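Please treat every number below as a calculation from the coordinates, not as lab data. A quick note: this is a predicted structure, and the numbers were derived from the prediction, not measured. In this analysis, Cβ positions are derived from the backbone assuming ideal geometry, glycine residues included, and neighbour counts consider all displayed protein chains.
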Amino acid sequence: MSDASSGRRGFLKQTALGLSSVALAGLPAGSSLSSGSSQAAAPLRVDDWVSIQAQYHLSPSRTYLNTGGLGPSPEPVLSRFRDLTTELQTMSETGHRIIEESRAPVASFFGASEEEIAFTRNATEGNAIIASGLRLKRGDEIIIDSHAHPGGAIPWLNQLNELGVVVRVFDPTGGSEGEILTRIEDLVSDRTRVIQVSHVTAPTGILLPVDDIAKLAQDRGCWFHIDGAQSAGMVPFDLHDIGCDSYATSGHKWLGAPHGTGVLYIKEERLADVVPTEVGAYSDAGFSLPDTFVLIPTARRHESGTRNAPLVAAVRSACDFMSAIVMDRVRQRGLDLVARLRDGLESIPALEILTPEKDNLHGSILTFRPLERDFQEVNRRLGSEHKLRLRIVTEVDLNAIRVSLHVFNSEDEVDRVIEGVRAVLS
């Protein structure tokens, strides 16, 4: 091992920064705490939705309903990010130890081991690492859902351009869990190498049966990758229980971490199957010029250079925040708000609800399509006249409007959507 490499490893193992505030305490369920910032409205009570909502700095000038695109961070997460950024800048240190201390708690939130977790910038980066890192060749087939986000689809289409792989597509809409599974199975051939699905689809919030798909992929010898951009912080899950080979997510949506954060999981026994496409100072277990380089035997091999330690610490804080609320309660809250919205919108005849009705088939998203009015004009009026921040859905020519409902949203805000849609469509 080179002197540079051994010196860096020594630094990572030491506590040379001497930062008393770097460790993030987990928040026990039902507890209360002060966020440590004067901007917080009040101490957080994780068993009270009003208290939870008060931790977000969303402008009262509009109702925010687009977590599926970008989720705000609660004050405890922002406070951790601000404080560590200031502290590290004051000392002009990188804070590598903060990153390593964050790895195991974040991995635990996802039901993984710390050796299986790499910190990325977003789900797209994680998806691209898998698509580019698997040893694919011309004619190999990849199956994805037709509702895949561009960040999930384009990495595979790039492999189509570069290598000549074949991308095959299934429709996730309008079917039971069994029917969705059958649609995937019907596409599997002896050339299929990868199955990728959106855990929760971005356009209409369909929750796919990833446990069953994982078993199908394993039985057919296919790599199973999950684009989890919409699921982390929305629904409870355990990656080891699911049995997928890899999973990528963004921190900046439902998890409530800052922009520019993400997590990539690769099953420990499959790490060697993903060739790092970008390596550097933190990818190695040892190197020397001119002819020795050994990859570190963990997912950290995909973290090629200096990372923003406060961002990683904020991901940990976001996981702590959601764990304190308890993910089963987060899930039920989303179901309750979506059910309230569905009940109200179903009384309006001039629209069609595209999100499945059964709880096991959808997440905390409801998407509807105006039947006799232009969807973009309806969305514009909902924004300008009723101050609702929604998101139009143009994917797969759905021409619809998406409502995302998270822990900072309230029943009153749901009713505001119903009243606004009724007024615009009347």
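A few points about this structure:
- Across region 280-297, rounded Karplus estimates of 3J(HN,Hα) from the backbone phi angles (6.51 cos²θ - 1.76 cosθ + 1.60, θ = phi - 60°) give x, 5, 10, 9, 9, 9, x, 8, 7, 7, x, 9, 10, 8, 10, 5, 5, x Hz, Gly and Pro being marked x.
- Taking a ≥ b ≥ c as the square roots of the eigenvalues of the Cα gyration tensor, an a/c ratio of 1.5 or more together with a/b no larger than b/c marks region 219-292 as oblate.
- Straight-line reach from Lys358: taking Cα to Cα under 24 Å and skipping same-chain neighbours fewer than 8 places apart, the lysines in range are Lys215, Lys253.
- Reported label for calculated Rg and Dmax of the Cα atoms in Å given (1) 23.4, 95; (2) 22.3, 74; (3) 21.8, 68: (2)
- Within the chain, the longest segment free of exposed loop sites, counting GluC sites (Glu not before Pro) that fall outside DSSP classes H, G, I, E and B and have at most 15 other Cβ atoms within 10 Å, spans 1-277.
- DSSP-defined beta bridges in the chain - what % are antiparallel, rounded to 5: 60 percent
- Loop sites in region 105-172: trypsin sites (Lys or Arg not before Pro), DSSP, at most 16 other Cβ within 10 Å: Arg135, Lys137, Arg138
- A straight line joining the Cα centroids of region 86-144 and region 255-291 runs 7 Å.
- Shape call, region 97-323: gyration tensor on alpha carbons, a/c limit 1.5: oblate
- Going from the residue with the fewest nearby Cβ atoms within 10 Å to the one with the most, Met322, Met327, Met234, Met91 rank Met91, Met327, Met322, Met234.
- Counting Cα-Cα pairs of region 327-425 in 10 Å increments starting at 0 gives whole-percent bin shares of 16, 52, 28, 3.
- The relative contact order of region 30-160, computed from alpha carbon pairs under 8 Å that lie at least 6 residues apart in sequence, is 13 percent.
- Gyration tensor (alpha-carbon) shape descriptor, region 130-241, a/c threshold 1.5: prolate
- Membrane-span-like helices of the chain, defined as complete DSSP H segments with a Cα extent of 20 Å or more along the helix axis and a mean Kyte hydropathy of at least 1.0, are identified as 309-325.
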